[in-house]
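The values are calculated or read from the model by the stated rules, or taken from the named source; none is laboratory data. Quick caveat, the model's predicted, so the values are computed rather than measured. When we count neighbours, we look across all protein chains shown, and the Cβ atoms used for this are built from the backbone with ideal geometry, even at glycine. Surface areas here come from the heavy atoms of the whole protein model, side chains and all, with no ligands, DNA or RNA. Shrake-Rupley method; radii C 1.70, N 1.55, O 1.52, S 1.80 Å.
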Amino acid sequence: MKKVKLLVIDDDPYICEIVALYAEKSGFAVIHAHDGVDGLVKFYDEQPDLVVLDLMLPEMDGWSVLREIRKTGKTPVILLTGKSESYDKIRGLELGADDYVVKPFEPQELMARVRAVLRRSLRQEREADVVRLGELVIDKDQYAVVVRGHTFPLPPKEMELLYFFACHPNRVFTRIQLLDQIWGFDYQGDPRTVDVHVKRIREKLRDCSAGWSIVTIRGVGYKLEGDLP
């Protein structure tokens, strides 16, 4: 059976060594890189199943590496960061990271998060990649929304949020439920990040909603409603 391949990008050899030790005990294959540029080269060459990414890297910082990874697809990324401020966590998640771990960290916790992210990623892969609701077509594989022949690319989290709504039309979700589904159950940032993403989706698709809209249910949350089958 093919092993799940992890790419660890961190300039601290000790962290790479300890992550590799616990990851290999968990049955994963591990590749190392110690700067951002080498990390991207190994990402392209090795095509890992998940990336553990430090933010403070030489040559190219983790933010830039994450942006480049997200240009190529949906490979899960867990950030390793010494920054515990909510702003940095939210920024990482909005750029498309799947989770984050604050240094210093427990290796067992990191492995638990790796397994959780991989399970979530596998579940999403098993779901239909394309959802059609009338004139609204959401292609999660291409990270694009098509309405009446017009294509609107969306960032990963906006795409995942709209896709989730479209899979459950006319059903109300609280902010906490949406955070659990899209950002993960252990997300500890500001729940209002959901409001920000909903606002951005509305602004981008306002003029071509094709009979649907994301409606605010005051005091509860949001739902996608309209002329939907």
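So the check is Cβ under 8 Å with 6+ separation or different chains; which pairs have a first residue in the range 142-160 that's at positive phi and a second one that's acidic (Asp, Glu) and at pLDDT below 80? Within 8 Å, the pairs are Arg148/Glu135.
Considering only the range 6-16, I want to know if a residue exists there that is open to solvent by 30 Å² or more (accessible area, probe 1.4 Å) and free of Cβ contacts under 8 Å to residues at least 40 places away in the same chain. The answer is yes, given that some residue of the range 6-16 is open to solvent by 30 Å² or more (accessible area, probe 1.4 Å) and free of Cβ contacts under 8 Å to residues at least 40 places away in the same chain.
How about the range 8-20: which of its residues are farther than 20 Å from Gln108 by Cβ and outside any loop (DSSP other than H, G, I, E, B)? Those that are farther than 20 Å from Gln108 by Cβ and outside any loop (DSSP other than H, G, I, E, B): Ile9, Pro13.
Within the range 165-178, being at pLDDT below 85, within 20 Å of Ala97 (Cα to Cα) and surrounded by 14 or more Cβ atoms within 10 Å (Cβ to Cβ) holds for one residue alone: Gln177. Scanning the range 8-54 for residues that are within 18 Å of Ala97 (Cβ to Cβ) and small (Gly, Ala, Ser) yields Ala33, Gly36, Gly39. Note on the range 5-35: residues that are touching a strand residue (DSSP E or B) at 6+ places or on another chain (Cβ under 8 Å) and among the small types (Gly, Ala, Ser) amount to 4. In the range 199-227, the residues that are among the basic types (Lys, Arg) and surrounded by 12 or more Cβ atoms within 10 Å (Cβ to Cβ) reach residues that are assigned to a strand (DSSP E or B) and at pLDDT 75 or above with C-beta atoms within less than 8 angstrom, at least six apart or across chains, in these pairs: Arg202/Ser213; Arg202/Ile214; Lys204/Phe152; Lys223/Phe173; Lys223/Ile214; Lys223/Val215; Lys223/Ile217. Residue under question is Arg132, and the condition is that it be open to solvent by 50 Å² or more (accessible area, probe 1.4 Å) and more than 19 Å from the chain's Cα centre (by Cα); does it hold? Yes.
In the set (1) under 19 Å from the mean Cα position of the chain (by Cα); (2) open to solvent by less than 10 Å² (accessible area, probe 1.4 Å); (3) within 29 Å of Leu154 (Cβ to Cβ), Leu110 fails one condition alone, (3).
Being over 13 Å from the mean Cα position of the chain (by Cα), among the aliphatic types (A, V, I, L, M) and either under 22 Å from Tyr222 (Cβ atoms) or surrounded by fewer than 19 Cβ atoms within 10 Å (Cβ to Cβ) (or both) narrows it down to one residue among Ala116, Ala144; which is it? Before the answer, list the steps.
Details: Ala116 fails: over 13 Å from the mean Cα position of the chain (by Cα).
None of the other options fit; the residue is Ala144.
Figure legend. Inter-residue proximity from the range 179-194: first residues modelled with pLDDT of 80 or more, second residues β-branched (Val, Ile, Thr), beta-carbon distance below 7 Å, spacing 6+ or different chains. Indicated pairs: Leu179/Val194; Thr193/Ile90.
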